[in-house]
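**Student:** Following this message is one structure expressed as structure tokens.
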Amino acid sequence: MKITILGCYAATPRTFTNPTSQVLEIKNRLFLIDCGEGTQVQLRKNKIKFSKINHVFISHLHGDHFFGLIGLISTFTLLGRTTDLHIYGPVGIKEIVTLQLRITDSWLNYTLHFTELSSKSSEVIFEDDKVSVSTIPLKHRIYTNGFLFREKIDKRKLNISAVTDFEIESCYFQNIKNGKDITLDDGRIIQNSQLTFDPIAPKSYAFCSDTAYSEEIIPLISQCDVLYHEATFLESETLLAKKTKHSTAIEAATIALKANVNQLILGHYSTRYENITLFKEEAETVFPNVLLADDGKTFDFVDQ
């Protein structure tokens, strides 16, 4: 599981920082999460192939989280894209995009599929044989969702040494990987656990931005491997965080602690701060495993 941060700062783009956008690579799938201004440039800088992006998840309709979307959609056409693009976001996202395309008399070589969200309860919005994605209802000034990405459990790993010792023919290997026991010609039943290794434990990633402090999300992200949680403000701006329905670094860390996640990544910093290491210092007073997002930074969580 690999996360590439394209942008992780709040509100306005600057010459050296970008608003929210990131790419999650999980089970050989590439998901774009939010699409602030500058996303296209950041994709190129980080050498991420546009053609591999087939699913875009938009948390909410504040500009710093989706103003780069129409540009990316248009560029896909210029690059000759023919593969369908799936966009998941709040009700209104389809109207905004189709209006922009219509007014500019633009055309596409491919089909857009919109999944518009309005539920205030968690729901599964994407699922295939490898990954599922569900919403994490957040508390912000407008309707907002985070997203929980979960790997599905792989098939069991064949123990080549064991199947060789039992002289099991290769035609039975698939059944063994599927968890079945094997009956030998002499009638002995060989338990699957003797012929396989446990698969790599599935990983999970929770993306939560933007939101006020809310313990309601804790059951949804409990024991998640990695949590990205907004930390727009330091503790000195707690009142401003409450007013704008954002979180502080300590509040993000408190959620991580109570949800018993393995790793916390902070992001969505207010541009008022010159030194983002202060966010890590404050968060670590509550939760030990803290990483700081930054534009162009990649976090690779290797399978173990």
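**Student:** Of 47/130; 152/180; 243/280; 49/245; 52/130, which pairs sit farther than 28 Å apart, going by alpha carbon to alpha carbon?
**Tutor:** Details: 47/130 24 Å; 152/180 19 Å; 243/280 23 Å; 49/245 35 Å; 52/130 16 Å.
Distance filter (> 28 Å) returns 49/245.
**Student:** Tell me whether the range 1-148 comes out rounded, prolate or oblate; compute the Cα gyration tensor, take square roots of the eigenvalues as a ≥ b ≥ c, and use a/c under 1.5 as the rounded threshold.
**Tutor:** On the way: a/c = 1.14, a/b = 1.13, b/c = 1.01.
Note, shape of the range 1-148 comes out rounded.
**Student:** What net charge do the residues around residue 4 carry, taking every other residue with its C-beta under 14 Å from that of residue 4, with Lys and Arg at +1 and Asp and Glu at -1? Don't skip to the answer; put the middle values down first.
**Tutor:** Numbers: positive: 2, 29, 44, 45, 47, 49, 52, 297; negative: 25, 34, 294, 295, 300.
Surrounding charge for residue 4 is +3.
**Student:** Between residue 49 and residue 218, what length in nm is gained on full extension when 0.36 nm per residue of separation is reduced by their alpha carbon distance? Don't skip to the answer; put the middle values down first.
**Tutor:** Details: separation 169, 0.36 × 169 = 60.84 nm, distance 3.42 nm.
The residue 49-residue 218 span can extend by a further 57.4 nm.
**Student:** Still on this structure, I have one more. At a Förster radius of 45 Å, what calculated FRET efficiency corresponds to the Cβ-Cβ distance of residue 113 and residue 262, to the nearest 0.05? If you can, show how the numbers build up before the last one.
**Tutor:** Working: r = 33 Å, r/R0 = 0.74.
Once rounded, the FRET efficiency stands at 0.85.
**Student:** Same structure, new question: Would you pull out the residues with amide H under 5 Å of residue 291's amide H, same chain only if 5 or more places away, H placed 1.01 Å from N?
**Tutor:** Amide H neighbours of residue 291, under 5 Å, 5+ apart: 264, 265, 266.
**Student:** Still on this structure, I have one more. Quick one: length gained pulling residue 274 to residue 171 fully straight, 0.36 nm per residue minus the C-alpha distance? If you can, show how the numbers build up before the last one.
**Tutor:** Values: separation 103, 0.36 × 103 = 37.08 nm, distance 6.22 nm.
My answer for the length gained is 30.9 nm.
**Student:** Same structure again: I need the Debye-formula profile for the range 211-276: one equal scatterer per C-alpha, no solvent, reported as log10 I(q)/I(0) at q = 0.13, 0.21, 0.26, 0.28 1/Å, two decimals.
**Tutor:** -0.32, -0.79, -1.09, -1.20
**Student:** Cα gyration tensor of the range 14-93, axes a ≥ b ≥ c as square roots of the eigenvalues: rounded (a/c below 1.5), prolate (a/b > b/c) or oblate? Walk me through the intermediate numbers first.
**Tutor:** On the way: a/c = 1.33, a/b = 1.12, b/c = 1.18.
Because its axes are fairly even, with a/c under 1.5, the range 14-93 counts as rounded.
**Student:** How big is the Cα convex hull of the range 131-279 in projection, averaged over all directions, in nm²? Each step should come with its number before you reach the end.
**Tutor:** On the way: hull surface 48.0 nm².
Mean shadow area of the hull around the Cα atoms is 12.0 nm².
**Student:** May I pose another question? Given a 10 angstrom Cα cut-off, can you work out which residue in 36, 68, 267 is the most mobile in a GNM of the chain?
**Tutor:** 68
**Student:** Given all pairs of different Cα atoms, what value in angstroms does the Kirkwood hydrodynamic radius of the range 80-210 take? Kindly include the intermediate steps, with their values, before the conclusion.
**Tutor:** Values: mean 1/r = 0.0525 Å⁻¹.
Result for the range 80-210, one decimal place: 19.1 Å.
**Student:** While we're here: For the chain, take every pair of Cα atoms, bin their distances at 20 Å starting from 0, and report each bin as a whole percent.
**Tutor:** Reading upward from the zero bin: 31, 49, 18, 2.
**Student:** Treat each spin label as a single point 7 Å out from the Cα along the C-beta direction, and report the residue 12 to residue 240 distance in nm.
**Tutor:** Label at residue 12, label at residue 240, 1.4 nm between them.
**Student:** Right, something else. What FRET efficiency comes out for the pair residue 289/residue 154, r = Cβ-Cβ distance, R0 = 30 Å, nearest 0.05? Could the numbers behind the result be given before it?
**Tutor:** Numbers: r = 25 Å, r/R0 = 0.84.
Using R0 = 30 Å, I get an efficiency of 0.75.
**Student:** Hey, in the GNM for the chain with a 10 angstrom Cα cutoff, which one of 262, 109, 192 fluctuates hardest?
**Tutor:** Among 262, 109, 192, the largest GNM mean-square fluctuation belongs to 192.
**Student:** If packing is taken as the average number of other Cβ atoms within 10 Å across a peptide's residues, how do 182-190, 97-105 rank, most packed first?
**Tutor:** Ranked by mean Cβ neighbours within 10 Å, highest first: 97-105, 182-190.
**Student:** What does the convex hull of the Cα atoms of the range 165-247 come to per residue, in Å³, rounded to a whole number? Could you put the intermediate results ahead of the total?
**Tutor:** On the way: hull volume 10.6 nm³, N = 83.
About 128 Å³ per residue, rounded to a whole number.
No lab work stands behind these numbers, since they all come straight from the coordinates. Everything numeric here is computed off the predicted structure, so don't read it as measured data. Every residue, glycine as well, gets a Cβ built from its backbone with ideal geometry; the counts of neighbours run over all protein chains shown.
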